[in-house]
């Protein structure tokens, strides 16, 4: 197993993002269109927040959450803004962080995605799913 491999090797580069002024309907569209569960929120190239599909489902009062059949009553979107439900100032890591260090962060955290930032610019995102997909390659 590679001991000091940087997160840059397995992160999603140039992730799809939302602008902080985008609406919740746009967030839902991106989640569905790209089959993803986390969207960094940016102002210019700087990350200001992160939104998960779970955050969006939480405000919609869905009784059962199925990521493969994600349906939201879009009327609720008029009650909230993206800035109200996103996680502000998420923990970020540099691309030199090792895969092991990222895994250790996830073990202690209650979130499943870490934006990767270099010189205050969002360059990628790493998720717990990325780490799980990486693991079988090591054996």
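A quarter of the convex hull surface defined by the alpha-carbon atoms of the chain gives 8.7 nm² as the mean projection. If I fit a long axis through the Cα atoms of helix 128-137 and take the longest principal axis of the Cα atoms of the chain, what angle between them do I get, 0 to 90°, rounded to 10? Value to nearest ten degrees: 40.
For the chain, a Gaussian network of Cα nodes joined below 10 Å ranks 60, 43, 78 by mean-square fluctuation, and the top entry is 78.
In plain terms, the chain from residue 5 to residue 104 could stretch by 34.2 nm, reckoned as 0.36 nm per residue minus the Cα-Cα distance.
Relative to the longest principal axis of the Cα atoms of the chain, the long axis of helix 99-108 lies at roughly 50 degrees. Summed over qualifying helices (DSSP H, 4 residues or more, each -39500 (n - 2.57)) and divided by its residue number, the chain shows a 222 nm mean residue ellipticity of -8500 deg cm²/dmol.
In degrees from 0 to 90, rounded to the nearest 10, what is the angle of the helix 24-34 Cα long axis to the longest principal axis of the chain? Rounded to the nearest ten degrees, it is 50.
Read-outs: derived from the displayed coordinates by stated rules, not from any lab. Here the structure is a predicted model, which is why all the values come from computation and not from measurement.
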